[in-house]
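Inspection log for the structure reproduced underneath, given as structure tokens.
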Amino acid sequence: MTLAPNFIDLKSVPCPLNVVKCKLALEKLSNEDILFVDLDKGEPEIMVKKTLENIGYKVNIVKSEKDWIRFKVKYEYS
């Protein structure tokens, strides 16, 4: 799976900065593009997922490791 250039590694980035960085990365993409995001498990995972879903994105887990998780983020058309 090729991740770059639509990939950001936000492991070790605290909340709410990781939410802000996700939103900024998504703003640079078209609605058809997919963004892959690596995050620490726990609060970062929960906050980013909740925030992105609230603004209209579909968030799926594509990889889960012991301490981190990878999300696939895609705009969900209404």
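Bear in mind that the values in this text are calculations on the coordinates, not laboratory data. Quick caveat: nothing in here was measured; it's all calculated off a predicted structure. Backbone-built Cβ (ideal geometry, glycine too); neighbour counts: all protein chains shown.
Worth a mention:
- Sparse-neighbourhood loop sites, chymotrypsin sites (Phe, Trp or Tyr not before Pro) in the stretch 26-78 - DSSP loop, at most 14 other Cβ within 10 angstrom: TYR77
- Based on Cα contacts under 8 Å between residues 6+ apart, the chain shows a relative contact order of 32 percent.
- Using the rule -39500 (n - 2.57) for each DSSP H run of four or more residues, divided by the residues of the chain, the 222 nm mean residue ellipticity is -9000 deg cm²/dmol.
- Couplings for the stretch 44-52, taken from phi via the Karplus curve 6.51 cos²θ - 1.76 cosθ + 1.60 with θ = phi - 60°, read x, 4, 5, 5, 5, 4, 4, 5, 5 Hz in order; Gly and Pro are left as x.
- Altogether, the Stokes-Einstein calculation at 20 °C and 1.002 mPa s, with the Kirkwood radius of the chain over Cα pairs as Rh, returns a diffusion coefficient of 174 µm²/s.
- Under the combined filter of DSSP loop state and at most 11 neighbouring Cβ atoms within 10 Å, the chain retains these trypsin sites (Lys or Arg not before Pro): LYS28, LYS66.
- Placing +1 on each Lys and Arg Cβ and -1 on each Asp and Glu Cβ, with no other charges, gives the chain a dipole about its Cα centre of roughly 60 debye.
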